[in-house]
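Right, I'll just put the structure down here and ask away after.
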Amino acid sequence: MAEEKAFDVVALGELLIDFTENGMSPQGNPLLEANPGGAPCNVLSMLSRFHRKTAFLGKVGKDGFGHMLDKAIVEQGISDLGLKYDEDVHTTLALVLKLPNGDRDFAFYRKPGADVNLKKEEIDAQLIQSAKIFHFGSLSLTDEPVKSATQYALQVAKDSHCLISFDPNLREPLWPSLDAAKEQIAWGMAQADILKISDNEILWFTGKRNFEEGVQALQETYPNLKLITLSIGAKGSRAYANGFHAEAPAFLQQGTIETTGAGDTFCACVLNSVLEEGLANLNEEALKKMLVRANAAASIVTTRKGALRVMPTVAEINQLIHAE
């Protein structure tokens, strides 16, 4: 990769408050903690643990939560040069309630939310031009004007020879329909060099009965995808690149309390491996090493509440790997 690039990864998307359950009140009501969140910044926060230089492009409200989020990302070592404040629209909020089966139920306060109001003319093109990898997800494709802003940012990234990373990160309540989601996620897939996708997303998107068929369908439809990584929750993960493939089991821990941010942590470890090895050099051994580290990091995050502020250190990841 070009040495003159100032940033390792620049990401665009949602920065919001995740209100996550943290106990019960004396009256028996769930207590919700205001955690800084948003998938793209979760990814950047984990990359900071690898001492990667990162920057974020997005928008928050000019309110208490917006200022709190700005402070939080800077504390994590993420540049806020591309962060904009909206004078009229409040910071986006998400209520994350844990279901009895351990999964999560999301309720978004985003019609409108500041992240949706990011405009094309507010995109800092120079930040993107100075990145080795440009990362984005589908939540910035749900509505205008952020959809047009994302499309413009992608063009700048491509013109600047950035590697493009995409995480579909399907959140069904934010789309008018699943058909609309599929159309925009297909566009995202067509732009990317690197794809991080989850088990439920690949089965839904491809309509295939198993993961191998799903990956094959993606490879045939999107030959631009040089690296596909598939997270399968408690069953581990798989990766495909350069004709090689690898898989690794999950690190299952008794202390797991929630899965918020696990996929983002995994994605960050994948991007760090690409920065270390280069896409063209990913063979079976390198893919396996990448997955083991990504699985370990994601496992650690599931034992902590929140995500952005509680990403594991490299030492913690290595300790878990060597403890197995």
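One line per residue, one yes/no per condition, for (1) in contact with a Leu (Cβ under 7 Å, 6 or more places away or on another chain); (2) at pLDDT 95 or above; (3) acidic (Asp, Glu):
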position: 19; (1), (2), (3): yes, no, no
position: 31; (1), (2), (3): no, no, no
position: 37; (1), (2), (3): yes, no, no
position: 62; (1), (2), (3): no, yes, no
position: 90; (1), (2), (3): no, yes, no
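Then there is this: As an exercise: evaluate residue 154 against (1) open to solvent by 30 Å² or more (accessible area, probe 1.4 Å); (2) modelled with pLDDT of 95 or more and give the number of the one condition it does not meet.
For residue 154, the exception is condition (1).
If we only count strands (runs of 3 or more DSSP E) wholly inside the range 68-158, which ones have 3 or more residues that are closer than 25 Å to residue 23 by Cβ, in contact (Cβ under 8 Å) with a residue 60 or more places away in the chain and touching a helix residue (DSSP H, G or I) at 6+ places or on another chain (Cβ under 8 Å)?
104-109
Exactly one condition in (1) at negative phi; (2) open to solvent by less than 30 Å² (accessible area, probe 1.4 Å); (3) at pLDDT below 95 is not met by residue 98; state its number.
Just one mismatch for residue 98, condition (2).
What residue, among those in the range 297-309 that are closer than 15 Å to residue 50 by Cα and touching a strand residue (DSSP E or B) at 6+ places or on another chain (Cβ under 9 Å), is surrounded by the fewest Cβ atoms within 10 Å (Cβ to Cβ)?
309
Kindly indicate which of 44, 12, 83 is aliphatic (A, V, I, L, M), within 18 Å of the chain's Cα centre (by Cα) and open to solvent by 10 Å² or more (accessible area, probe 1.4 Å).
Only one candidate passes the filter, namely 83.
In the range 56-70, is there at least one residue being within 17 Å of the chain's Cα centre (by Cα) and β-branched (Val, Ile, Thr)?
No.
Please work out if residue 106 is under 17 Å from the mean Cα position of the chain (by Cα), of a type in the set (Phe, Trp, Tyr) and closer than 22 Å to residue 7 by Cα.
Against the criterion (under 17 Å from the mean Cα position of the chain (by Cα), of a type in the set (Phe, Trp, Tyr) and closer than 22 Å to residue 7 by Cα), residue 106 does not qualify.
So which of 279, 320 ends up being touching a strand residue (DSSP E or B) at 6+ places or on another chain (Cβ under 7 Å), in contact (Cβ under 8 Å) with a residue 12 or more places away in the chain and not charged (D, E, K, R)?
279
Filtering the range 160-174 down to residues that are at pLDDT below 95 and not in a helix (DSSP H, G or I), which residue is farthest from the chain's Cα centre (by Cα)?
Once the filter is applied, the top-ranked residue is 171.
Among (1) open to solvent by 40 Å² or more (accessible area, probe 1.4 Å); (2) in contact with a strand residue (DSSP E or B) (Cβ under 6 Å, 6 or more places away or on another chain); (3) not β-branched (Val, Ile, Thr), there is one condition residue 68 misses while meeting the rest; what is its number?
Tallying (1) open to solvent by 40 Å² or more (accessible area, probe 1.4 Å); (2) in contact with a strand residue (DSSP E or B) (Cβ under 6 Å, 6 or more places away or on another chain); (3) not β-branched (Val, Ile, Thr), residue 68 fails exactly one: (2).
What about residue 51, is it surrounded by fewer than 19 Cβ atoms within 10 Å (Cβ to Cβ), without any contact (Cβ under 8 Å) to a residue 60 or more places away in the chain and in a helix (DSSP H, G or I)?
no
So if I check each of 56, 65, which one is without any contact (Cβ under 8 Å) to a residue 60 or more places away in the chain and in contact with a Gly (Cβ under 8 Å, 6 or more places away or on another chain)?
56
The values are calculated or read from the model by the stated rules, or taken from the named source; none is laboratory data. Everything numeric here is computed off the predicted structure, so don't read it as measured data. Heads up, the Cβs are rebuilt from the backbone with ideal geometry, glycines too, and the neighbour counts pull from every protein chain shown. Side chains are part of the model used for accessible areas, which takes the heavy atoms of the whole protein and leaves out ligands, DNA and RNA. Shrake-Rupley method; radii C 1.70, N 1.55, O 1.52, S 1.80 Å.
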